[in-house]
1. Evaluate the distance, in nm, between pseudo-label points positioned 7 Å from the Cα of E48 and of D8 along their respective Cα→Cβ axes.
2. Just flag the trypsin sites (Lys or Arg not before Pro) in segment 1-81 sitting in loop per DSSP whose Cβ has no more than 10 other Cβ atoms within 10 Å.
3. Using the Karplus curve 6.51 cos²θ - 1.76 cosθ + 1.60 with θ = phi - 60°, work out ³J(HN,Hα) for each residue of segment 44-50 in order, rounded to whole Hz, and write x for Gly and Pro.
4. Amide H of L67: which non-local residues (sequence gap of 5 or more, or other chain) have their own amide H closer than 5 Å, using H built in the peptide plane?
5. Ignoring ligands, DNA and RNA, how do E106, E84, E49 rank by accessible area with a 1.4 Å probe, largest first?
6. Where does segment 65-139 land on Rg(C-alpha)/(2.2 N^0.38 Å)?
7. With label points built 7 Å along Cα→Cβ from the Cα atoms of V125 and E106, find their separation and express it in nm.
8. Can you give me the long-range amide H partners of I121? Hydrogens built in the peptide plane at 1.01 Å from N, cutoff under 5 Å, separation of 5 or more residues or another chain.
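The values are calculated or read from the model by the stated rules, or taken from the named source; none is laboratory data. Quick caveat, the model's predicted, so the values are computed rather than measured. All Cβ positions, glycine included, derive from the backbone under ideal geometry; neighbour counts span all protein chains shown. The protein model used for the area step is the full one, side chains on, heavy atoms only, and it has no ligands, DNA or RNA in it. Shrake-Rupley method; radii C 1.70, N 1.55, O 1.52, S 1.80 Å.
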Amino acid sequence: MARLLSLDPKSLPRPFALIVDDDPMVLAVAEKALRGMGFSTMRNSSPEEAWSIATVILPDLILTDALMPKLDGRELCLRLKNSEPTAEIKIIVMSALYRGGAYRTEAFKTFLVDEYLEKPIRPDVLREVVQRLIPAAARTHPVSNEARWAS
């Protein structure tokens, strides 16, 4: 963490995405898709650490799982959106458990998410969402045939 605190957020290659999930497969698939769009990425499995990282590096995008131990991704989103330095970070929350319109509506209204995706994450859908949320940052690169769905 000390090394992280010494970083200048402006020195990081941009666009920059922080991916937060406790499933290694989801982390790998999401990272591959985002890197294919030209993002630099950092993966993390702890929402508590992700909070600290986000407040220091101010990523352009955070992709987080909705449900994780201790601090869930929805609450992480709400905390970041309610803090002035991090309020403008685009945050996508994803869930395999919380499916359907009621959960989606709750995510937008209560947790202030910028987008809500159901798992398994499809790289083509993620690409469309990121290009809509951050059009200037998401460069178009062909989607790899190797990309798999992540759940």
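1. The answer from the label model is 3.2 nm.
2. Numbers: sites: R3, K10, K32, R35, R43, K70, R74, R79, K81; in loops: K70.
Hits after loop and neighbour filter: K70.
3. Ordered by residue, 3J(HN,Hα) equals 8, 9, 10, x, 5, 5, 4 Hz.
4. Result for L67 returns G73.
5. Values: E106 70, E84 170, E49 105 Å².
These residues rank, largest area first, as E84, E49, E106.
6. Values: Rg = 12.3 Å, N = 75, 2.2 N^0.38 = 11.3 Å.
For segment 65-139, the normalised Cα radius of gyration is 1.08.
7. With each label point 7 Å from Cα toward Cβ, the separation is 1.9 nm.
8. It is A150, S151, by chain and number.
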